[in-house]
Amino acid sequence: MRNSIILIFGRIGQVGWELRHKLACLGQVSTVEYPEVDFTNPDSIRSAIRAVEPAVIVNAAAYTAVDKAESELQLAMAINATGPGVLAEEAKRLGSLLVHYSTDYVFDGSKLSPYVETDTPNPINVYGRTKLAGDQAIQASGCDHLIFRTSWVYGARGNNFLLTMLRLGKERAELRIVDDQIGSPTSSECIAQATSDVLAQVLAPGATGIQGRSGIYNLTSNGETSWFGFAKAILTEAAVRFGSPLPNLVPILTANYPTPAKRPDNSCLSCQRLEQTFGVSLPHWEQALSLVLDTITEGSSPVSSKV
Ligand SMILES: NC(=O)c1ccc[n+]([C@@H]2O[C@H](COP(=O)([O-])OP(=O)(O)OC[C@H]3O[C@@H](n4cnc5c(N)ncnc54)[C@H](OP(=O)(O)O)[C@@H]3O)[C@@H](O)[C@H]2O)c1
C-alpha cells in the first residue's frame, strides 16, 4: 500500500465517531462527512477518495432509519447500496482496502441458532434489502474488503436504544418493551475497537495484508438478550448509577408493537469466523453496557436522545 492514510466516511455517526479515535494509532486518519460528501452524489464520493488516495477506506456512513426506509426505498438504496458500490470501485482502482459495516437485518430471523456468514440472506424490510445490495456491490467489485455485520448498535452519543431508554425511564412510570426479538446489543466503541484490532494485524509492517482474508465477518458482542432484557439492564444500572427512577417494565410481543418495518425474531450472529481469522472477540454485551454507562457517568448526566 502506498501510504498510511485511513479515510473514514460518516464521521458524525455512532460508529464513525468512535472510529476516528480508535484508528488514530494505525496511521493518518482523514475524515469526511455529510453533506460535504453525499452518498446520493457518486462524484462527491469519487472526489473525496481521489483527493487523498487512502490505503484504507472505512465506511461508517449509512441510511439507518429502519422504519422510514419503508417509504424511502430509493434514497436508502442510493446511500446503502449505490454509494458503497462506488467506494468499492475506487478501492479496486487504487488497490485500497475497503472496510464496511452491514447488519443482522439481512437475515429473516427464522433460524433457530446464530447466523453464520455463509447463511443465505433473506431481508424482511427495505433497510435490510438495501444493506444486502451494498454488501453484494462490494463483493462483486473484486476490491479487497472487510464487511463487518453487526447488530443493535448503541453508544454514549447518537440516536439509539440506550439513550432512548434513559430518557423514557425518566419521563414514564411504565414502559412496554418487545421481548420476543433476540439479538446482541453492540456498542459503537466495541465495534471501533474490534475494527482497529483487525486493521492493526492487516497493516502491521511485514504482515501479509488482507491476503486470503477478504470477506464478510460477523462482529457483535457476546451473549444475547431481548429488547426487554436490554431495557431492564439499562434502567436497573441507571437507577444505581444516576439515582434514576425505575419504571415498571412490561414485556410485550412484537405483534403488540406494530412498526412500519418488520424486524427479525432472531438477530443473533455467530462471531467464530472473526475470532478464528483475527483472534478478535468482543466483550459480553452486559460488560460493554457497563463501560458505556461509565462514559456517560464520567460525562455527568445522560445525554438526551431524539429517538
Ligand atoms: N444502528 C444500528 O443499530 C445498526 C445495526 C446494525 C448495523 N448497523 C450498521 O453500522 C453502520 C454504522 O451505523 P451507525 O449506527 O453508526 O449509523 P448512524 O449513527 O446513523 O450514522 C450514519 C452516518 O451516515 C451519514 N449519512 C447519512 N446520510 C448520508 C448521505 N446521504 N451521504 C453521506 N453520509 C450520510 C450520517 O450523517 P448525518 O448524521 O449528518 O445524517 C451519519 O454520519 C452502518 O453501516 C449501519 O448500517 C447499524
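Within 10 Å of the ligand (Cβ to nearest atom) and within 17 Å of Val126 (Cα to Cα) - does that describe any residue in the range 69-77? Give the steps one after another, and end with the answer.
Within the range 69-77, the first condition is being within 10 Å of the ligand (Cβ to nearest atom), and the residues that meet it are 75-76.
Adding the requirement that they be within 17 Å of Val126 (Cα to Cα) leaves 75-76.
Scanning the range 69-77, I find at least one residue that is within 10 Å of the ligand (Cβ to nearest atom) and within 17 Å of Val126 (Cα to Cα), so the answer is yes.
Arg20 passes all but one of (1) without any contact (Cβ under 8 Å) to a residue 60 or more places away in the chain; (2) open to solvent by 60 Å² or more (accessible area, probe 1.4 Å); (3) more than 20 Å from the chain's Cα centre (by Cα); (4) within 28 Å of Gln211 (Cβ to Cβ); which number fails?
(3)
Restricting attention to the range 112-135, does a residue exist that is within 22 Å of Pro54 (Cα to Cα) and in contact with a Pro (Cβ under 7 Å, 6 or more places away or on another chain)?
Of the range 112-135, the ones within 22 Å of Pro54 (Cα to Cα) are 134-135.
Applying the additional criterion that residues be in contact with a Pro (Cβ under 7 Å, 6 or more places away or on another chain) yields 134.
Checked the range 112-135: at least one residue is within 22 Å of Pro54 (Cα to Cα) and in contact with a Pro (Cβ under 7 Å, 6 or more places away or on another chain).
Could you tell me which numbered condition Gln136 fails, if it satisfies all but one of (1) under 18 Å from the mean Cα position of the chain (by Cα); (2) surrounded by fewer than 19 Cβ atoms within 10 Å (Cβ to Cβ); (3) assigned to a loop (DSSP other than H, G, I, E, B)?
Result: Gln136 passes all but (3).
Is it the case that Thr82 is open to solvent by 20 Å² or more (accessible area, probe 1.4 Å), part of a helix (DSSP H, G or I) and over 28 Å from Gln201 (Cβ atoms)? Reasoning before the result, please.
Values: open to solvent by 20 Å² or more (accessible area, probe 1.4 Å): yes; part of a helix (DSSP H, G or I): yes; over 28 Å from Gln201 (Cβ atoms): yes.
Here the answer is yes, as Thr82 does meet what is asked.
Just one of (1) open to solvent by 10 Å² or more (accessible area, probe 1.4 Å); (2) within 12 Å of the ligand (Cβ to nearest atom); (3) out of contact with any helix residue (DSSP H, G or I) (no Cβ under 7 Å at 6 or more places or on another chain) trips up Gly95, so point out which.
Of (1) open to solvent by 10 Å² or more (accessible area, probe 1.4 Å); (2) within 12 Å of the ligand (Cβ to nearest atom); (3) out of contact with any helix residue (DSSP H, G or I) (no Cβ under 7 Å at 6 or more places or on another chain), only one is false for Gly95: (2).
Restricted to the range 98-125, and to residues that are free of Cβ contacts under 8 Å to residues at least 60 places away in the same chain and not in a loop (DSSP other than H, G, I, E, B), which residue is nearest to the ligand (Cβ to nearest atom)?
Residues of the range 98-125 free of Cβ contacts under 8 Å to residues at least 60 places away in the same chain: 98, 100, 103, 106, 118-123.
Going one step further and asking which of them are not in a loop (DSSP other than H, G, I, E, B), we end up with 98, 100, 103, 106.
Numbers: Leu98: 13, His100: 7, Thr103: 4, Val106: 10 Å.
The selected residue is Thr103.
When you scan the range 38-61, how many residues do you find that are open to solvent by 10 Å² or more (accessible area, probe 1.4 Å) and not in a helix (DSSP H, G or I)?
Pass one, the range 38-61, residues open to solvent by 10 Å² or more (accessible area, probe 1.4 Å): 38-44, 46-48, 50-53, 60-61.
Within this subset, residues satisfying the condition of being not in a helix (DSSP H, G or I) are 38-41, 53, 60-61.
Within the range 38-61, residues that are open to solvent by 10 Å² or more (accessible area, probe 1.4 Å) and not in a helix (DSSP H, G or I) number 7.
With the condition kept exactly as written, say whether any residue in the range 250-258 is in a helix (DSSP H, G or I), open to solvent by less than 70 Å² (accessible area, probe 1.4 Å) and touching a residue at least 12 places away in the same chain (Cβ under 8 Å).
yes
Any idea which of (1) touching a Pro at 6+ places or on another chain (Cβ under 7 Å); (2) under 21 Å from Val106 (Cβ atoms); (3) hydrophobic (A, V, I, L, M, F, W, C) is the one Phe242 doesn't satisfy?
(2)
Filter the range 62-75 down to the residues that are buried (at least 19 other Cβ atoms within 10 Å of the Cβ) and of a type in the set (A, V, I, L, M) and list them by number.
Ala62, Val66, Ala69
The values are calculated or read from the model by the stated rules, or taken from the named source; none is laboratory data. Everything quoted here is computed from the prediction, not taken from an experiment. Because the Cβ atoms are built from the backbone with ideal geometry, glycine has one as well, and the counts that use them run over all protein chains shown. The accessibility values were calculated without ligands, DNA or RNA, using every heavy atom of the protein model including side chains. Shrake-Rupley method; radii C 1.70, N 1.55, O 1.52, S 1.80 Å.
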